[in-house]
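Taking it in order: structure first as structure tokens, then the write-up.
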Amino acid sequence: MDKIKSLAAAAALSLVLDAGCENKDNTAGKDYGDNDPNLVACMGDSLTMGYMCDGAPYPQRIAEKTGKNVINYGIGGVKSDTGASLVSSVVARKPAYVCILYGSNDAISYGFVGPEGTVNNLRRVVNVCRANNCIPIIATIPPMNGSHAIFNGNATVIADAIREFAKLENVCYIDLNKAFGDGEKHLNPADGLHFNDAGGELVAKKFAAKIP
């Protein structure tokens, strides 16, 4: 009987953790304190900045889809440690929601960062957001192909680590690594790393679906 109760409790915990993640309504009703409900911040690297995208950067598309003001904090070439350093400045602007996409450059510099380093940096970002009543929405990194295919194995490992971190810490997340599949339809064929128009659109839809 005790064993059955333990299994039931574990199953219930698993459902709670999963419900806090890939559930489109899981930011609704959360307390954002005195932050601006009409302000969203997007943190990330060149994928967020919009480099090589043959359309509008995804933060701009989020603004169009949600009707909210969106600040793009994308900086080309940076790793997740930049997010950990930048987040205090971001939350000082008082956004109700913070969309977070770091890790692709960590995958490229895998020997210097690795999944543990990425998760530790993202934990810092999430903790600062939560301490300031900003609601974090984190993304797994997309796959890589073309001239960056050599790094795709690293990207998969880091995406898996981000996903498990989000589940464990009950952070709202979007799973770009799964949504993009092999990346052929969503990545710029010139480098297989940055988003094309379809990729930027998909990211915007995924993030926007989490923002009431």
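Readers should treat all values here as calculations from the given coordinates under stated rules, not as data from a laboratory. Quick caveat: nothing in here was measured; it's all calculated off a predicted structure. Ideal geometry is used to build each Cβ from the backbone, glycine not excepted, and the neighbour counts take in all protein chains shown.
Which residues' amide hydrogens lie under 5 Å from the amide hydrogen of residue 102, considering only partners 5 or more residues apart or on another chain, with H built in the peptide plane?
139
Taking amide hydrogens as modeled 1.01 Å from N in the peptide plane, which residues meet the under 5 Å criterion relative to residue 187, leaving out close sequence neighbours?
Here 196 satisfy the definition.
For 206, 167, what's the fewest-to-most ordering of other Cβ within 10 Å of each Cβ?
Details: 206 21, 167 16.
So the residues, fewest neighbours to most, are 167, 206.
Projecting each Cα onto the charge dipole of the chain (Lys/Arg +1, Asp/Glu -1 at the beta carbon, about the Cα centre), which of 132, 173, 144 comes out farthest on the positive side?
Among 132, 173, 144, the one farthest towards the positive end of the dipole of the chain is 132.
What is the order of 101, 39, fewest Cβ neighbours within 10 Å to most? Write down the numbers at each step before the final one.
On the way: 101 27, 39 18.
Fewest-to-most ranking of 101, 39: 39, 101.
What FRET efficiency, computed as 1/(1 + (r/R0)^6) with R0 = 25 Å and r the Cβ-Cβ distance, is obtained for residue 130 and residue 64, rounded to the nearest 0.05? All intermediate terms of the calculation are to be shown ahead of the outcome.
Details: r = 28 Å, r/R0 = 1.10.
Calculated value: 0.35.
At 7 Å along Cα-to-Cβ for each site, give me the label-to-label distance between residue 88 and residue 56 in nm.
The answer from the label model is 3.4 nm.
Roughly how many debye, to the nearest 20, is the charge dipole of the chain about its Cα centre, given +1 on each Lys and Arg Cβ, -1 on each Asp and Glu Cβ, and no other charges? The partial results should precede the final answer.
On the way: 20 positive and 22 negative charges, 105 e Å.
Computed about the Cα centre, the dipole is about 500 debye.
Under 5 Å between amide H atoms, partner at least 5 residues away or on a different chain: which partners does residue 70 have, H built in plane at 1.01 Å?
Excluding prolines and chain starts, which carry no amide H, the hits are 40.
Under a cut-off of 20 Å between alpha-carbon atoms, report the aspartates and glutamates in cross-link reach of residue 79, not counting same-chain residues fewer than 8 places apart.
Within the straight-line limit of under 20 Å, residue 79 reaches these aspartates and glutamates: 45, 106, 116, 160, 164, 175, 191.
What is the antiparallel percent of DSSP beta bridges lying wholly in the chain, to the nearest 5? Write down the numbers at each step before the final one.
Details: 1 of 20 bridges.
Approximately 5 percent, going by the DSSP bridge assignments.
Can you pull the Rg over Rh of the chain, Cα-only, Kirkwood?
Details: Rg = 16.9 Å, Rh = 17.2 Å.
Value, to two decimals: 0.98.
Quick check on the exposure proxy: order 148, 194 from fewest to most C-beta atoms within 10 angstrom. Could you put the intermediate results ahead of the total?
Working: 148 19, 194 24.
Listing 148, 194 from fewest to most nearby Cβ atoms yields 148, 194.
Which of the pairs 30/65; 68/185; 68/94 have their Cα atoms more than 23 Å apart in this structure? Please report the intermediate quantities before stating the final value.
Details: 30/65 20 Å; 68/185 28 Å; 68/94 13 Å.
Beyond 23 Å between Cα atoms: 68/185.
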